[in-house]
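The values are calculated or read from the model by the stated rules, or taken from the named source; none is laboratory data. Just so we're clear, the structure is a prediction, and the values are computed from it rather than from any experiment. We place every Cβ from the backbone using ideal geometry, glycine too, and count neighbours over all the protein chains shown. Accessible surface areas use protein heavy atoms only, side chains included; no ligands, DNA or RNA. Shrake-Rupley method; radii C 1.70, N 1.55, O 1.52, S 1.80 Å.
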Amino acid sequence: MQTIRGRLTAWYSAALALTLAAFSAVLYLDRRSASYQDLDQRIRSEASLTAGILAESFRARGVLVRPDTAGHPVLIADVAGLLEAVPDFLIVTAREGSLLFASSDARALTFQQVEQLRRLASAPPVGGGGGQSAGAVTLEPGGPTIHYAVRALTDAGPQFGAILAGASVRAAELGPAQLLSSFALVLPLGVAVALLMGSWISRRALGPVDRLITEVREITDGRSLHRRLAEPLVKDELGRLAETLNQMLARLERNFVALRRFTADASHELKTPLTVLRAGVERAITTPSLPQETLAALEETLQETKRMTELVDALLTLARADEGIAPLHREPVDLRGILEEARETGELLAEQAGVQIEVATPPEPMVVSVDAARIRQLILNLLTNAVKYTPAGGSVRLQLGSTNGTLTVTVADTGIGIAPGDLPHIFDRFWRADSARTRTGERPGVGLGLDICKWIAEAHGGRIAVVSRPGRGTTFTVTLPSESAAPKP
């Protein structure tokens, strides 16, 4: 389970299922024990009832045993008829151990099973017991398991020995088994209800956490740090968490504000001296009869000055973007014109690097309301990177199109590509990929160009995506929403 809600629901359901299972087991065992006790009480009552019938019959008749046609002693018919009303297994034995009477259930048994019961009735009681004994036995072969009670007959005349009353445990186990079956049917329903209830309870309990996560997720960058989380009136764990997060956001906001102010102020203060320095170097280069060593040093200085100026401009742009004071000057623009302008710059770069460049635009106007300067900056940044990281003999393709009502600008190259581990970071500020992505003799960038591209795309309500395979090339796709499209002339 990847969520606390799911784990809580699973734990609640598992706990309830285990509780129901334990309750069912305890109830089953208790009911089973009670059924066995009821069974034992019943057979003892049957034995006492049989002894009472025989004692009363002996007092009334005097003789209760007569020989049958084979000469074996048996219970007289009248008394035997009375004992037929006693349920379950009933055995009456003579003093010498012979069988005087067997109930209908007992007569349904095999001869060996009846003999087993007769021997139990003829055996002397274990440990005395006042002429009574009880126990459980499985009748062999293949017979039922029965509980039995043996009672000695002392009031029915000298011919009687003992009475054995017994009953199958199947009747005692039927009730608990049915109860267990009912629980087996109810348990899945209980677990299903527990899942629903657990999900509802966890949703209610973790609802504030979800709202807290949503609010924190919306504070995704330095421009949103002024926002604060709603603190509940009840200062429980969630209330204290929200308060702690708000304190952290306040500290972060102060740090970000100080950092932006420093970056903006430093960049602004550096622009003027850099401009003066660049102008002075450019004038010095035009001085006639300069030694070659001095000219080379001045050109190197001019290149570094230009690079520093670009860095300061990029920092100032991002600082203003973070402060929200970098407005876009939107106007309806045909993006085909911007791509044609980018082609001119790109062809100069591509010619120097030995790279082919191709620009594909649709025949119909692609008019959209954008800041033309920023979009031009975005495309030139991507195009420059594509040429920079494509070896000689490779190609770069710049394409404009529309997909599902959105305008797309695609810059694809056949360069060295970007490692999969670097892809998630290429839009991070001041982040640069492995040095292998910089060709020999070229200075690496400062890691701000793609961050500026990302800001320009998102400021126009669009997005920028990248797909790359090492050794096969990289494709950047800028998507502008159709809502910003202006009516075509």
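Less than 18 Å apart at the alpha-carbon level, and either on another chain or at least 8 residues along: which aspartates and glutamates does that give for residue 235?
In chain and number order, the partners are 210, 243.
Quick one: what are the phi-derived ³J(HN,Hα) couplings along the range 136-146, Karplus 6.51/-1.76/1.60 with θ = phi - 60°, whole Hz, x for glycine and proline?
Ordered by residue, 3J(HN,Hα) equals 10, 8, 9, 6, 10, x, x, x, x, 8, 10 Hz.
How long are the semi-axes of the equivalent ellipsoid of the range 1-75, taking √(5λ) for every eigenvalue λ of the Cα gyration tensor, in whole Å from largest down?
Working from the Cα gyration tensor, I get semi-axes of 63, 13, 5 Å.
Between residue 265 and residue 425, what is the FRET efficiency for a Förster distance of 30 Å, r being their Cβ-Cβ separation, to the nearest 0.05?
0.60
Ordering 235, 388, 306 from largest to smallest accessible area (1.4 angstrom probe), what's the sequence?
235, 306, 388
Nearest 5 is fine: what % of DSSP beta bridges in the chain come out antiparallel, could you say?
Of those bridges, close to 90 percent are antiparallel.
Once you have the Cα-Cα distance between residue 72 and residue 104, take 0.36 nm times their residue separation minus that, and quote the gain in nm to one decimal.
9.6 nm
Quick one: accessible area per residue over the range 10-165, 1.4 Å probe, rounded to a whole number of Å²?
53 Å²
Could you derive backbone 3J(HN,Hα) for the range 83-92 from the dihedral phi with the Karplus parameters 6.51, -1.76 and 1.60 (θ = phi - 60°), listing whole Hz in sequence and x where the residue is Gly or Pro?
Result, rounded to whole Hz: 6, 5, 6, 6, x, 6, 8, 9, 10, 10.
Work out the length of the dipole vector of the range 273-342 about its Cα centre, built from +1 on the beta-carbon of each Lys and Arg and -1 on the beta-carbon of each Asp and Glu, and round it to the nearest 20 debye.
Result for the range 273-342 is approximately 160 debye, rounded to the nearest 20.
Kindly report the accessible area of the range 186-232 per residue (heavy atoms of protein chains, probe 1.4 Å, no ligands, DNA or RNA), in Å².
Details: 3110 Å² over 47 residues.
For the range 186-232, the per-residue accessible area is 66 Å².
Among 224, 104, 73, pick out the residue whose Cα is farthest towards the positive end of the charge dipole of the chain, where Lys and Arg carry +1 and Asp and Glu carry -1 on C-beta, about the Cα centre.
73
Just to be sure I understand, if you calculate Rg/Rh (Cα atoms, Kirkwood Rh) for this structure, which of (1) 1.19; (2) 0.94; (3) 1.51 do you get?
After the calculation, the listed value that fits is (3).
Enter the angle in degrees (range 0 to 90, nearest 10) between the Cα long axis of helix 111-122 and the first principal axis of the Cα atoms of the chain, meaning the one along which they spread out most.
Once rounded, the angle reads 70 degrees.
Considering only protein heavy atoms, with the full assembly of protein chains and a 1.4 angstrom probe, order 455, 11 by accessible area, largest first. Don't skip to the end; give the middle numbers.
On the way: 455 35, 11 165 Å².
Ranked from most to least accessible, the order is 11, 455.
Taking the dipole about the Cα centre of the chain, with the C-beta of Lys and Arg at +1 and of Asp and Glu at -1, give me whichever of 213, 308, 22 is farthest to the positive side.
Ranked along the dipole, the leading option is 22.
Could you check the spin-label model distance between residue 290 and residue 63? Points 7 Å from the Cα along Cα→Cβ, value in nm.
For residue 290 paired with residue 63, the spin-label model returns 15.6 nm.
Taking the simple approach of a point 7 Å from Cα along Cα-to-Cβ for both residue 34 and residue 217, what is their distance in nm?
5.4 nm
Which value in nm describes the separation of the simple spin-label points at residue 241 and residue 210, placed 7 Å from the Cα toward the beta carbon?
1.4 nm
Residue 306: which aspartates and glutamates have alpha carbons under 15 Å from its alpha carbon, excluding same-chain residues fewer than 8 sequence positions away?
282, 442
Can you work out the Karplus-derived ³J(HN,Hα) for every residue in the range 236-247? Use 6.51 cos²θ - 1.76 cosθ + 1.60 with θ = phi - 60°, whole Hz, and x for glycine or proline.
Values, residue by residue: 8, 4, 5, x, 5, 5, 4, 5, 5, 5, 5, 5 Hz.
With r defined as the distance between the Cβ atoms of residue 369 and residue 275 and R0 fixed at 35 Å, what FRET efficiency is calculated, to the nearest 0.05?
0.60
Quick one: pull the percent of accessible area on the chain belonging to carbon and sulfur, 1.4 Å probe, ligands and nucleic acids left out.
Carbon and sulfur atoms account for 58 percent of the accessible area of the chain.
Could you tell me the accessible area of residue 23 in Å² (1.4 Å probe, neighbours in place), rounded to the nearest ten?
Approximately 110 Å² of residue 23 is accessible to the 1.4 Å probe.
Angle between the Cα long axis of helix 372-388 and the longest principal axis of the chain, 0 to 90 degrees, nearest 10?
Roughly 80 degrees, rounded to the nearest 10.
How large is the helix-only mean residue ellipticity at 222 nm for the chain, computed as the sum of -39500 (n - 2.57) over DSSP H runs with n ≥ 4, divided by its residue count, in deg cm²/dmol to the nearest 500? Write out the running numbers ahead of the final one.
Values: 10 runs with 259 residues, N = 489.
Mean residue ellipticity at 222 nm (helix-derived): -19000 deg cm²/dmol.
Can you list residues from other chains, or at least 5 along the same chain, whose modelled amide H is less than 5 Å from the amide H of residue 402?
Residues meeting the criterion, in which the H sits 1.01 Å from N, are 408.
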